[in-house]
Amino acid sequence: IAALDVGTTYLRCYVLDERCVVKGSAADTVELLNPQPGYFEIEPEGLWRKIVKVITESIRDAKLTPAHITCLTISTQRCTFLTWNHRTKEYYHNFITWKDLRADDLVQQWNASCSLRAMNGVSYALYLLTRNARFLAGSVLKLMNGQVTPRLLYEMANNKRLQQALQQKQARLELLDSWILYKLRSGNGVEMNLEHITDITSATATGLYDPFTLSWSAIGRVLFGIDLSIMPRVVDNSYQNFGTVHPAAFGPDWGDTKIPIAASLSDQTAAIWGSQCFSTGDVKVTMGTGAFLNMVTGVECKAVISGMYPLVAWQLKHGKQQQNDTIYCIEGAAHDFGTVVSWAQSCELFDDPAETSDIATSVPDSNDVYFMPAFSGLGPPVNDYRAASGFIGMTPSTTKAHMVRALLESIVFRVVQLIESAEQETHQKLKVIKVDGGVSRNDFVCQFLADASGLCVERAECVESSIMGATYLAGVNHGIWQTLEELKSFRKVERIFEPQTQLHKIIANRMLKWNKAIERFSGWY
């Protein structure tokens, strides 16, 4: 199985056998463009060349040929999109990533608008009458920079070429997964008459998809004036008609080899599967560029009001009647996690992120220094997207070690806030947090999370959960494995970080003081 994972910082492809043993791999960086402050883009054709490169090199690294690959599976970052004319290959703009803040003013205007407030009020009145969770969710609906909606509205208002193409019905919107699927299946445009599709776990986070009705939301058309016909058709995670990789996409070395595409899913759903969070109440925290907490809520789509949001975790069809088995989750995000570590490295607080665990433990505490990780504002439960980042409490006795420790403690405090919100929203007391992603390799972060939350933190041997999850789903879809039970033997736990109860009160008091610091940094911009 070849598993392609396109993240925000890196893209990689692993080749795994039927025992989920990695036989070969290749990786490359994603070049994130920053043409203006707050703009974060990816040039599409440059990304495509890197996708072709890592798939080709991973197969070569496994000492195999394309003909040896049983199937391909894809995991992608969510809410990164472009618009284009797929027939002429004219792009109206680069990929606009989920971290992009160009629409921030628009977000503030819409969230303060009479239209949105009226919709919130009507929704709450309907909730009081019906007790329907969908209306409760509508009563707290807000635009967020991480969603596709505000950035698409910004481009529709400011991009002349896109405006003309929309008028002429020539433009369509691609999420990252739908664009990769099109490029792979069409042979990079050799075949054009392919259905325009995205998977449900990529659609669900856009802000334009209604998880309660399982369809593109009419709000996009009625409130925002978005023509939903430009959106891809949404398919479930057991979709059997992805087709094959067109060999023309990879050149003469592939001959006429056509590898079946067995699965496509978002990176967070892939991480849920990779962490084997298959049961209601299971929780994983992906610690990458951002930190994403996902808690599986089962067949119930829960309305949440803390700033977290309900999503489709995955959707499989089964049986002769092809009945949908839709599983939901709630999600909360701290968008500045790995970015904080990268920023600190660029400021020369340390040479290598791998050193930070030892640096943090070289001092007993942060010496009353606190850091606010708010380059993208503060998400739930604070929900202040105008908050500033910075250190507070520095004195002449402050050292680099204190600053590094304060940085790492701050990103853990944000995760603890998400954990507490999830517990309050679901009225469940959590016991175990499964962590994955690059920052989860940091022993200090994992142990401090266990101590601060009072929960066991479980880290797998393989922290590439999105790769593993995409592989698991492809194997189930392609008939390599028949049940989820068969997958359990493939995930090996490397370490469980137990909470040190004697430290919990001390850390809780530090977090209280850090919460006071939020007041100092809030509403800065």
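The values are calculated or read from the model by the stated rules, or taken from the named source; none is laboratory data. Everything numeric here is computed off the predicted structure, so don't read it as measured data. Cβ placement follows ideal geometry from the backbone for every residue including glycine, while neighbour counts extend to all protein chains displayed. Accessible surface areas use protein heavy atoms only, side chains included; no ligands, DNA or RNA. Shrake-Rupley method; radii C 1.70, N 1.55, O 1.52, S 1.80 Å.
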Review point. Rounded to whole Å and sorted largest first, what semi-axes of the equivalent ellipsoid does the C-alpha gyration tensor of region 165-238 yield via the square root of 5 times each eigenvalue?
Key: 22, 17, 8
Check your understanding: Under a plain spin-label model, where a point goes 7 Å from the Cα along Cα-to-Cβ, how far apart in nm are Thr9 and Thr70?
Key -> 3.2
Practice item. Excluding Ser139 itself, calculate the net charge of residues whose Cβ lies under 13 Å from the Cβ of Ser139, where each Lys or Arg counts +1 and each Asp or Glu counts -1. Key: +4
Review point. How much accessible area per residue does the chain have, in Å², with a 1.4 Å probe?
Key: 41
Study note, to complete from the structure: Expressed in angstrom and rounded, the centroid-to-centroid distance over alpha carbons for region 122-153 and region 482-525 is 29
Review point. Are there GluC sites (Glu not before Pro) in region 402-472 that DSSP marks as loop and that have at most 13 other Cβ atoms within 10 Å, and which are they?
Key: Glu461
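Considering all projection directions equally, how large on average is the shadow of the alpha-carbon convex hull of region 132-268, in square nanometres?
On the way: hull surface 40.2 nm².
Taking the Cα atoms of region 132-268, their convex hull projects to 10.0 nm² on average.
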Check your understanding: In straight Cα distance, which lysines are under 18 Å from Lys183, not counting same-chain residues fewer than 8 positions off?
Key -> Lys50, Lys53, Lys89, Lys258
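Is it possible to state the helix-based mean residue ellipticity at 222 nm for the chain, with each DSSP H run of 4+ residues giving -39500 (n - 2.57), the sum divided by total residues, to the nearest 500 deg cm²/dmol? What is it?
Numbers: 16 runs with 184 residues, N = 525.
Taken over the chain, the calculation gives -11000 deg cm²/dmol.
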**Study point:** Inter-part distance where region 341-406 and region 1-64 are each reduced to a Cα centre, Å
**Key:** 30
Review point. What FRET efficiency do you get for Val122 and Gln502 if R0 is 45 Å and r is their Cβ-Cβ distance, rounded to the nearest 0.05?
Key: 0.30
**Study point:** Alpha carbon centroid spacing (whole Å) that separates region 267-291 from region 161-180
**Key:** 31
Practice item. List the trypsin sites (Lys or Arg not before Pro) within region 415-501 that fall in a DSSP loop (any state other than H, G, I, E or B) and whose Cβ has at most 11 other Cβ atoms within 10 Å. Key: Lys429, Lys431, Lys492
**Study point:** Rough spin-label spacing in nm, given labels placed 7 Å along Cα→Cβ, for Leu512 and Ala157
**Key:** 4.4
**Study point:** Peptide ranges 368-374, 466-472, 338-344, 82-88 listed from the most packed, as the mean C-beta count within 10 angstrom indicates
**Key:** 466-472, 368-374, 338-344, 82-88
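Using only Cα atoms, figure out Rg for region 195-287 and give it as a multiple of 2.2 N^0.38 Å. Mind dumping the intermediate values first?
Numbers: Rg = 16.9 Å, N = 93, 2.2 N^0.38 = 12.3 Å.
Cα-based Rg divided by the globular estimate yields 1.37.
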**Study point:** Inter-probe distance in nm under a simple model that places probes 7 Å from Cα toward Cβ, at Glu355 and His427
**Key:** 5.1
Revision key, fill the gap. Which of Lys302/Lys429; Lys99/Lys142; Lys284/Lys516; Lys317/Lys429 exceed 20 Å between C-alpha atoms? The answer is Lys284/Lys516; Lys317/Lys429
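Under a Cβ-Cβ cut-off of 11 Å, what is the net charge of the residues other than Glu45 that fall near it, where Lys and Arg count +1 and Asp and Glu count -1?
Working: positive: Arg49, Lys50, Lys89, Lys183; negative: Glu43.
Net charge in that neighbourhood comes out at +3.
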